[in-house]
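What follows draws every value from the coordinates through simple rules; no lab data is involved. Owing to the predicted nature of the structure, the values given are computational and were not obtained by experimental measurement. Methodologically, a virtual Cβ is constructed for each residue, glycine included, from the backbone with ideal geometry; neighbour enumeration extends over all protein chains shown.
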Amino acid sequence: MLAIGVVVGATGSVAVASDPEPTAAPPSYSRYAKLDMFARALAIIEQYYVRPVDDQAIVYAALRGLVSELDPHTSFLPPQDAKLLREDIEGAFGGIGMVVVLGRESSGEIFLDVRDVIPGGPADKANIATGHRVLAINGQSIAQFVDLQRAITVIRGEPGTTVKITVEDPVRGVKRTVELARAIIDTPPVEVRSLGEGIGVLRLRDFPEDAAADVKDGVLALQKESGEAGLRGLVLDLRDNGGGLLDEAIRIVDLFVSEGAIVRTRGRRGVVLDEARARRVTTLDPIPLVVLVNKGSASASEIVAGALQDHQRALIIGERTYGKGSVQAPFELSDGSLLKLTTALYYTPDDRLIQASGIMPDVFVGATDPGAKLDIDSRPEIRPERESPRHLEPEDFGRDSPSLASASKAEIAAADDVQLRRAVQHLKAWERVSAQDGR
C-alpha cells in the first residue's frame, strides 16, 4: 500500500519526559567537523564532477542516505513527497478513489492491484472494482515508475484535472483506457452493515480525524437497526487498515473499555514517555466484540487490537499483524521538506511490545478462499515488519514482557489437525474473553 500507517498524535508533537542524563560526548567529538567534511565533499562534486549537478538534488540524496542507516520508517521527504504524506494524514486530496498495491505477474510484469475502491469516487463511477489491475498511467506502463509512491503522485493532482489509466479485468480478460477527473476524496473511514440476528459489522479503513466519532455513530446506527432485540454482537473489521492518528485509536478503544491503560509509549532506554488511559464516561454499553485483523493491519490497528485483547474485551480473529509499533514524529525543514523520525515505541496495556512482533490473534484464520486451507497467507505480497532488513529489533531494554508465543501446549498437541487446532483456539479464547464477566 502507499503507506503502512504513520501514527502521530493529532498535534504531531513529540512527547517529552524526564530521562537519565545523557553520557557526555568525548572531548574529540565535533558535529561541526562532520558538517565541514560534508561541505567539502559537496564542493568537490560541484567543482570537478564531469557534468553540472543539481545542488538541491544532491543534498536531498545525501539526507536520504543519512536516514537510510536508521529504521525503515525514518525517512527524508522532499517537498512534493512531504505534501503527499500530509494529504494522506488529513484524508482529503485530489485523486480518483482507489487503494492500490504493487503486483507482479509470474512473467515479471508489474501492475497496480486494486485492493479497494472508495464508494462514489471517480474510479467507482467508472466501474473499476477490487481485483482489477492498473497497467498504465497516462500511457506510461507501471514498470516505468520508480516505486508505488511515484505512481500515486502521478495519479493524484489538482481536483478537476484528468488522468488516463489503462485498467484490466483479469477475470474477463478485458482491457480499457478511461479518463477520470480527479476529485477531493474524503474517504469514509467507517462502513457498517447488519448481518441480521442482531449481528453487525463495522469496517474501519484507517484512522483519520474524527474516526472515533464515526465509529460511535456506526455502532449507534447498528443498535437502532437491530430494533428492540438490540445489538447482540459487533465485528470490528481492521483488516488492511494501515493506521493513522494515534489519538483516534485511543478514543476508539475508549468506546469499549471503561478503565485502565490503553497504550504506553516508551523512548530511549525504555523510559515511559506517555500513557493513555480509558475513561468510563466515554464507554458504550457492553456489546460482545470480535476484531478481525490480517497482515495488512498495522500501527494504530495494532494498538486497538492489542488493547482490546489485553483487557479481555474482544476476541481477535485473523492473522498475526504487521508489527509496526514505532512512533514517527514529523520535523518540517525550511523548504517544506520533512524529516520523519522514529522517536519511541508502543506497548499494549500488558506491556507487550508491538514492534516487529505484531499482535497474535486468539483464533488464526488465513486465506478466505473456501477451497483453501485456513493456514494459507491471505496477503503473500506483504512482507511483515520483522522481515525488513533495517527493522528495529523487538529488544525490550532488559525488561520481561508477556510472551507472544503463537501456540499453546494444547495447540501444539493438536499437531496438523487444522480443525482440532481451531477448536482448541476457540475454547481458549472463549475462556479468556468470558473471564471478564467474573472480574
Pull out the extension gain between D54 and D186, defined as 0.36 nm times the separation in residues minus the alpha carbon to alpha carbon distance; nm, one decimal. 43.8 nm
Taking K409 as the anchor, which lysines have their alpha carbon closer than 18 Å to its alpha carbon, excluding any fewer than eight residues away along the same chain? K428
Computed FRET efficiency, Cβ-Cβ of E259 and E225, R0 22 Å: what is it to the nearest 0.05? 0.15
Gain in length, I376 to E179, computed as 0.36 nm per residue apart minus the alpha-carbon separation, to one decimal in nm? 67.2 nm
Among 200-210, 305-315, 118-128, what's the highest-first ranking by average C-beta atoms within 10 angstrom per residue? 305-315, 200-210, 118-128
Starting from the Cα of T282, move 7 Å in the Cα-to-Cβ direction to define the label point; list residues of region 216-255 whose amide nitrogen is under 13 Å from there. 216, 246-255
Mind checking which lysines have their C-alpha under 19 Å from K175, skipping anything on the same chain fewer than 8 residues away? K125, K164
What translational diffusion coefficient, in µm²/s and rounded to a whole number, does the Stokes-Einstein relation yield for region 99-184 at 25 °C and a viscosity of 0.890 mPa s, taking the hydrodynamic radius as the Kirkwood radius over Cα pairs? 188
For K224, which lysines qualify as cross-link partners when the Cα separation must be under 27 Å and same-chain residues fewer than eight apart are set aside? K216
Can you give me the distance in nm between label points at T343 and Q312, each placed 7 Å from the Cα along the Cα-to-Cβ direction? 3.7
Most to least packed among 51-61, 234-244 [average Cβ atoms within 10 Å]: 234-244, 51-61
Going by Cα centres, region 90-163 and region 48-89 are how many Å apart? 24
Calculate the FRET efficiency for R193 and S68 from the Cβ-Cβ distance with a Förster distance of 45 Å, rounded to the nearest 0.05. 0.55
Treating only Lys and Arg (+1) and Asp and Glu (-1) as charged, each at its beta carbon, one finds that region 99-184 has a dipole about its Cα centre, in Debye to the nearest 20, of 120
Modelling each spin label as a point 7 Å along the Cα-to-Cβ direction, I'd like the T153/D274 distance in nm, to one decimal. 3.0
The ³J(HN,Hα) series, computed from each phi in region 206-216 with the Karplus coefficients 6.51, -1.76 and 1.60 at θ = phi - 60°, rounded to the nearest Hz and given as x for glycine or proline, is 7, 10, x, 4, 6, 4, 5, 5, 5, 5, 4
